[in-house]
Amino acid sequence: MKIIGLIIVVVTGALLIYAAADFPAWSDPASPASTYLSPYFIEKTMEETSVPNIVTAVLADYRGFDTMFETTVIFSAGVVCFFLLRISRREEEEPETRYYRHVLTGVTIQLKEGYKIPPSADFERIDAVWTPPDLIIKTGCRILIPFIQLFALYVIAHGHHSPGGGFQGGVILGASVILFAISHDLRTAVRRMSEKLIGILCAVGVSIYAGTGALCLLLKQNFLDYSALAGVLHVDPITARSHGILMVEIGVGIAVLATMIWIYNNISSAGRYRQGL
Amino acid sequence: MSEQYPALLVIVPLLSALVISVAGWVNKRLCFPIAVAALGVAAWSSVGLLFRVLDEGVIVYKLGGWSPPMGIAYYIDYLNGLVLPVVSIVALLNLISSKKIVEQQFPDKAGPFYTLYVLMVTGLLGIVVTGDAFNLYVLLEIASLTGYGLLAMGEERAPLATLNYLYMGTIGACFYLLGIGYLYIVTGSLNMVDIARLLPPLYQSKAVLAAFIICMVGVWLKMAFFPLHAWLPNAYTYANSASSGLIAPLMTKVMVYVMIRLILTVFTPKFVFNTLAVHDAVVWLAVIAIVMGAVLALKERNLKKMLTYIVVAEVGYMVGGAWLGNRAGLTGAVLHIVNDALMTLCVFLVVGNIVYKIKGYAFGDLKGLFAKMPFTMGAFVIGALSIIGVPPTCGFFSKWYLILGAIQAHQYGFMVALLFSSLINVVLFFRVFEIGFYEPFSDHEGHEHHPAVMAEAPLTMLVPLYVVAISLILVGLYTGDIVNHIVQFVIPKGFM
Amino acid sequence: METITSIRPLLAVLVSLLIIPLVVVSSRSPNVRESWTFVAAVAKFLIVLSMLPAILRGTEIVYTVVQFMPGAAIRFRVDALGMLFALVSSSLWIITSAYSIGYMRGLKEHGQTRYFCFFAICLSATIGAAFSANLLTLYLFYEILSLATYPLVTHHQDLEARSSGRKYLLYVVGASIGLVLPAMLICYNLAGTLEFSKNGILAGTAVSPSLLFILLFMFVFGFAKSAIMPMHSWLPAAMVAPTPVSALLHAVAVVKVGVFSIVRILTGVFGIQLLSSSHLGMAVCYVAAFTILVGSFIALSQNGLKRLLAFSTIAQLSYIVLGVALLSPKGMTGGMLHIAMHAFGKITLFFCAGAIFVATGKKNISEMIGIGRRMPVTMAAFFIASLSIIGMPPCGGFISKWYLALGTLQAHQIGFLVVLLFSSLLNACYFIPITYKAFFCRPEDAMFENKVQEAPAFCVVPLVITATISVILLFYPQPFLRLARMMVQSITGV
Amino acid sequence: MTDLISTVVAKYNYWIYITLMMIGLYAMIAKNNLVKKIVGMNIFQTAIILFYVSIGVKKGATIPILEHGHGPDVHHVVHAVDYINPLPHVLMLTAIVVGVATLGVALALAIRIYNNYNTLEENEILTQVREK
Amino acid sequence: MIWPIDLAILTLVVIAGIGALMVKDLLGAAILFGAYSFMMCLLWSIMGAVDVAFTEASVGAGVSTVFFVAAVFRTSRRTKD
């Protein structure tokens, strides 16, 4: 296999190097890529969408259709991970001995099969390998997480004017929840943000994007033509585009946030939703 | 409404997939009807689009209202006008058939299954309908990712087979992306029609040459063209039959479509057949693909795996036909996309029915199947005859055009390969028929009745199967109309 | 020539397909099921018959079902030759249906519904082939016939049936896909059409003689149903089928479709001008003559009655090919006429073999000594039919052989006349002893008691009818002779 | 010689991207461990992203965010040469997302495989498969 | 643009990439991969692709690494190559 790999790599590499000889010089302002389409975007973006961050404008408007599917890609990755890994409650064998922890005292109780604990908020279910979260980490993360989330919201909201946008913000939001799950444990995180909620949020996020597009369609414009929203939002078509971009960015943010958590939950627990990282 | 068909075609399945995924959390029983409705709408719009194309010619739909090449646009011409209904109808039929399979195999995961299913169809439809080279990549990834998910749900070996598919598929998609990058670097455009407009002065450029080769290798990887086919048989064999029934007929065919699209629209036949002039070599590759596919299929003692090797051989048919570089060959290739999708669907639905009832698909499991499942096997016979290429089933006519193209291009090797593969197919399928028909042998000589206990698949699986089986014959009979009204406009004027 | 457009050819093809659902539905009550078969058989015969007057008037009936591409369509054209063949096969279907009932019930065969269904498909395909207007349609029905015959050949579903079925498929389907299909496409590429024409579609094209030679033999060997050596060995193997199948299909429909296809190729695709100018006709003649002699010799050494009949069929089929390939008007008339004459004779022989099997369970000639005392009617019919095959009066076979002999003279090919006569002698050598031993053996050698015990009436009546027809055809060879002459006249102008 | 060096330097990015891509490709083909293959796959993908980003680079230009004031009336005249080509960036955002999605699916598959065979080495898995 | 830094980081990227593939411990590989992604992110921000760099920082160096670590945690660190 190694030899085959080497041959393939050498052949492919040779082809690519051979082709690179015909490329325009690196960072040449006169290359076709820099002179054909991009000037249009650079020069017209502000007029047509009133979004200074050209990348955001192109991403969410000119090529908004790509981005919708990009969100769908991440959504489908989430669904695939769930589909493949999640062990349904019916299949999941309940371990013979279960562990509960009395939250107030920290006493751990072991229950044999058949015994039950009266429903009470004082006890929380834990796993056999459970170790108490480190206090420093736990507290540190608790302090950090709100700031991370605030920053994430800023990134989403300010995507029009600075680097960032729904995707980056969503990832950061998701990362903050993942951080919570790492610093505590997966059970706690899932209790805060249930699987069902995550699953629905994923779909809702993408739906916001696609729904905005479909709304334009209902308003007798082409799909994703945000200028159709002008009538609904009572603004001029150019500002409507800007608002439309914000709407879809929020959708992307929600979808990405939920999907990242979803994938993490499934991968880190191999689909059992206990014993996280 | 009809002017929004191009958008509806992709949006309705997409939104429905989202709704299905929510419904999966609320009420699982809703998932299936929503999926059927969504694909029904998609099928309706695709047929509507085809008729519009027949009336008006090429339809351009600007997404976001931005005119290409700034924005993304859908171009629907005769080629994808023809492929779209095939994709959506094949997906719809298999979906109906998969209901029982899902109930039997993973009842708890019906929600995500249908979500992925509909998303995959969205991706495939999007690939076919788009006119933007990069958009195609994104949709390709949707179709692939969902496909990995669907295929990995199966037997014990399914995840490993799928992971290998994932590696190969990713390399393929990345190669395609890289090729598009090369085109972008020399033309600055991503729109297919626009690239074709900008390319002619650059025909001698090494970068364009490399772009073409890389794109082709990428697409060949995804379609399992012979030396690059290794991922396909295992991935399709070990998957659950609901998924393989969707992916086996469509994925390779859609990639063949992409290849033809690249040849016809992006790089233009002038570049491919006149400037580059490597088509003889590719046709010989196709010959090897066909022969090897047939031979490898002969080796298998397992119905589903045998069929997957036939898929590999059929890919050789289409690649070879497209690269013959003449009208008849290309007609055959385009026609074969349609026919092979239907044929493969037919035989994979049969496998689905068999697995549903018998729980196995090795040759040993098929004994006495004609007595046990006469209706399923009846449809199997039709599908098999079509793959063999017996008139009046549709498989004959695409083979007809392919052989005619081979003769006109003086590619007698390709002709012999096609005939050889037909003959091998006769052997392959009649071997299966024999097992189903004769075995188990009666104990004492003479006219012993086989204990025939009918155990036929449920109606929701039989009806789609028969729709396909009958359509194999109908498509065959209407080949003339399809060619005269659609396929002949696919081929650019001046193409010999 | 005047043509009429009419849907009747299509109806003739479809009528037996349409009853299949009815047969399947009524599989529980055999009497209803068989009556459907009869209805279809009679209806088919009547539809074919209804076209006869028009054909005899010299018109042709045309119907296009679908046009695939220019020059290639599913299209029917009823001409004299097609009519002749259709008339033979549709009339014999009625008789065979009756015989099948007697045979299948007599032996309590399994899967009778399946049997009747595929029988009906076979007949559709046969009529379709007879009426096809172009090579594509012919090929289509040829393939359908091959595949629909497979379940009939392998009806017993045992190991022997399986190996015979394999052989059958290998030869028939393999040759048609491997040889006919490419040959047809090359023709299409050369001529741009596949419609049979009076002068042959390849006539006007500039084709090199070597390619022409290759094409011709791709067709001749590709239509392996005609059992021209070396593509013959499926035919004896296929005799494992139930006897009615052997009778109708392997003496009449299947093999005749093969021969009919070759006749069409010779007359409609190549055309006699081209064949005679390039001397390719002679090449076919030599192959056919070889098959005639070798087939007859092998038949001599056979013990199994059905195998003997199979080799006899192989030889007789080549008479037809030989006659047409001689390219002389009389020879062609004889060849075409032999389609009909041989059909009635051979089917009788097969019916007799089947009747013997039903009544006594014997398959081999060596076990049939003295059987005439037990089954006098059957063996009398057998005698008459064998005379027809040998080509002696008072049977129809005489006429066709007479024309064939005249044809060799007309073509100045005395060598083939010798072949014909010698082969007839061989025919006599293997047929006459059977009858002789059946009736005139010494009482102590007889293997059967001297008590008349015939097969069921459903078996015996059909064979009496066909034997009678064989005799009648000598005195009244119409409409077959007329049809054959019309066909020859339209091709050669003589 | 200087020509060669200048060619090498002028397209240094392209050479590096090819190197990385080949490293990734080699890992995907030749490595035995499934997770290593996935790492290789990611390197492969990022190499392509690097390539695209390199296309976008423009000498003497700044990041593609327009300088602007607030309010509709503040419109500078924008010159295309001043800003880096944004289009490859947009495309690559999508590609990164696709990359992470593929990564997630691949890892999920690897976990499934591990659950079945208790190893991630491909040859060990294949031995187990063959033994069955 | 400061091209020596560019060249230096490009070289580092290659080293990190090779390292991730060579190291005999999957957890180490995951971490090195994170480093690789981060180098990449730096490189892109130098090239002016701020949005891409931002995304790579959050996705490649952030979440992807977490996924890797999680997956390695659920499977095994052992590797032979």
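Every number here is computed from the coordinates shown, using simple stated rules; none is lab data. This is a predicted model, so every value here is computed, not measured. FYI the Cβ positions are ideal-geometry reconstructions off the backbone, even for glycines, and counts take in every protein chain you see.
Ellipsoid semi-axes for chain B, based on the Cα gyration tensor and the rule √(5λ), read 35, 27, 20 Å when sorted largest first.
Assign unit charges at the C-beta atoms only (+1 for Lys and Arg, -1 for Asp and Glu), then state the dipole size of the stretch C:313-439 relative to its Cα centre in Debye, rounded to the nearest 20.
Values: 8 positive and 1 negative charges, 55 e Å.
The dipole of the stretch C:313-439 has a size of about 260 debye.
For the stretch B:278-496, the equivalent ellipsoid derived from the Cα gyration tensor has semi-axes of 35, 19, 13 Å, listed largest first.
Working from the Cα coordinates of the stretch B:184-306, the gyration tensor eigenvalues give, after taking √(5λ), semi-axes of 33, 17, 10 Å in decreasing order.
Which values of log₁₀ I(q)/I(0), to two decimal places, follow from the Debye formula for chain A at q = 0.10, 0.15 Å⁻¹ with a uniform point scatterer at every Cα? Values, matching the q order: -0.74, -1.10. Put a dot 7 Å past the Cα of A:Val11, heading toward its Cβ, do the same for B:Arg197, and the two dots end up 3.7 nm apart.
Across chain C, the fraction of Cα-Cα pairs farther apart than 39 Å, rounded to a whole number, is 16%. Once the Cα atoms are used to define both axes, helix C:135-153 deviates from the longest principal axis of chain C by about 20 degrees.
I want the local charge near D:Ile84. Using Cβ-Cβ distances under 13 Å, sum +1 for each Lys or Arg and -1 for each Asp or Glu among the other residues. Don't jump to the answer; show the numbers that get you there.
On the way: positive: D:Lys58, D:Lys59; negative: A:Asp28, D:Asp82, E:Asp51.
Around D:Ile84, the surrounding residues sum to -1.
Report the local net charge at A:Leu135: Lys and Arg +1, Asp and Glu -1, summed over other residues whose C-beta lies under 15 Å from its C-beta. All intermediate terms of the calculation are to be shown ahead of the outcome.
Details: positive: A:Lys138, A:Arg142; negative: A:Asp134, A:Asp185.
Once positives and negatives cancel, what remains is 0.
Please compute the average number of Cβ atoms from other chains found within 10 Å of each residue's Cβ in peptide B:385-392. Don't jump to the answer; show the numbers that get you there.
Details: counts 3, 0, 0, 4, 3, 9, 11, 10.
For peptide B:385-392, the averaged partner shielding equals 5.
Translational diffusion coefficient of the protein assembly as shown at 25 °C, 0.890 mPa s, Stokes-Einstein with Kirkwood Rh over Cα pairs, in µm²/s as a whole number. D, rounded to a whole number, is 70 µm²/s.
Counting only alpha carbon atoms, the long axis of helix A:166-183 and the longest principal axis of chain A meet at about 20°.
With contacts taken as Cα pairs under 8 Å at a separation of at least 6 residues, chain D carries a relative contact order of 24 percent. Take each peptide in A:45-51, C:249-255, count the other Cβ atoms within 10 Å of every residue, and average; sorted highest first, the result is C:249-255, A:45-51. Annotation: lysines with alpha-carbon distance below 17 angstrom to D:Lys31 (same-chain offsets under eight excluded): A:Lys2, E:Lys24, E:Lys80. Label point of C:Glu367 set 7 angstrom out along Cα-Cβ; within the stretch C:408-431, no amide nitrogen lies under 18 Å from it. Expressed as a whole percent, the proportion of Cα-Cα pairs in the stretch C:280-399 lying more than 24 Å apart is 31%.
With a 10 Å cut-off around each Cβ of A:162-169, the average count of Cβ atoms from other chains is 6.
Taking a ≥ b ≥ c as the square roots of the eigenvalues of the Cα gyration tensor of the stretch A:130-256, is the shape rounded (a/c under 1.5), prolate (a/b larger than b/c) or oblate? Prolate shape, in that a/c is at least 1.5 and a/b is the bigger ratio.
Counting only DSSP beta bridges with both residues in the stretch C:1-261, the antiparallel share comes to about 75 percent.
Can you give the relative contact order of chain C as a percent, counting alpha carbon pairs under 8 Å and 6+ residues apart?
Values: 909 pairs, mean separation 73.7, N = 494.
Result for chain C is 15 percent.
Each residue, A:Leu153 and B:Val295, gets one label point 7 Å from its Cα in the Cβ direction; the gap between the two is 6.7 nm. Give, as a single signed number, the net charge of other residues whose beta carbon lies under 12 Å from the beta carbon of D:Leu120, with Lys and Arg counted +1 and Asp and Glu -1. Counting the neighbours of D:Leu120, the net charge comes to +4.
Calculated from the alpha-carbon coordinates, chain E shows an Rg and a Dmax of 13.7, 43 Å respectively. Note on the protein assembly as shown: dipole from Cβ charges, positive end direction compared against E:Gly17, A:Leu186, B:Ile247; the farthest Cα belongs to B:Ile247.
Available extension along the chain between A:Lys44 and A:Val235 is 66.8 nm, counting 0.36 nm per residue and deducting the alpha carbon span.
When a/c reaches 1.5 or more, the comparison of a/b and b/c decides; with that in mind, is the stretch C:1-261 rounded, prolate or oblate per its Cα gyration tensor? In terms of gyration-tensor shape, oblate. Sorting the segments B:267-277, C:285-295, B:398-408, A:135-145 by their mean number of nearby beta carbons within 10 angstrom, highest to lowest, gives B:398-408, C:285-295, B:267-277, A:135-145.
From Cα pairs below 8 angstrom and at least 6 apart in sequence, can you work out the relative contact order of the stretch B:278-496, rounded to a whole percent? Don't jump to the answer; show the numbers that get you there.
Details: 334 pairs, mean separation 62.2, N = 219.
Relative contact order comes out at 28 percent.
Suppose R0 equals 22 Å. What FRET efficiency, 1/(1 + (r/R0)^6) with r the Cβ-Cβ distance, do C:Leu56 and C:Thr492 give to the nearest 0.05?
Values: r = 19 Å, r/R0 = 0.86.
Once rounded, the FRET efficiency stands at 0.70.
Checked against a 26 Å cut-off, the cross-linked pairs A:Lys44/D:Lys59; C:Lys44/C:Lys108; B:Lys109/B:Lys299; C:Lys44/C:Lys167; C:Lys108/C:Lys225 give Cα-Cα distances beyond that limit for C:Lys44/C:Lys108; B:Lys109/B:Lys299; C:Lys44/C:Lys167; C:Lys108/C:Lys225.
Averaging Cα coordinates gives a centre for the stretch C:151-216 and one for the stretch A:155-232; these two points are 64 Å apart. Pop a pseudo-label 7 angstrom from the Cα along the beta-carbon direction at both E:Asp81 and A:Leu111 and give the gap in nm to one decimal. So the two model labels end up 4.9 nm from each other.
Restricting attention to chain C, close to 75% of DSSP beta bridges with both partner residues there are antiparallel.
The alpha-carbon of C:Lys330 sits under 18 angstrom from the alpha-carbon of none of the aspartates and glutamates, leaving out residues fewer than 8 places away in its chain.
Using a 10 Å cut-off on Cβ atoms, rank the peptides B:138-146, B:126-134, B:70-78 from the highest mean neighbour count down. Write down the numbers at each step before the final one.
Working: B:138-146: 28.8, B:126-134: 26.6, B:70-78: 22.7.
Put in order of decreasing packing, that is B:138-146, B:126-134, B:70-78.
In units of the compact-protein estimate 2.2 N^0.38 Å, the stretch B:323-410 shows a Cα radius of gyration of 1.34. Counting only alpha carbon atoms, the long axis of helix B:5-26 and the longest principal axis of chain B meet at about 50°.
Our note on the geometry: Cα centres of the stretch B:281-360 and the stretch B:184-200, 33 Å apart.
For chain D, take the convex hull of the Cα atoms, compute a quarter of its surface area, and give me that in nm², please. Before the final figure, lay out each step's value.
Numbers: hull surface 50.9 nm².
Computed as one quarter of the Cα hull surface, the answer is 12.7 nm².
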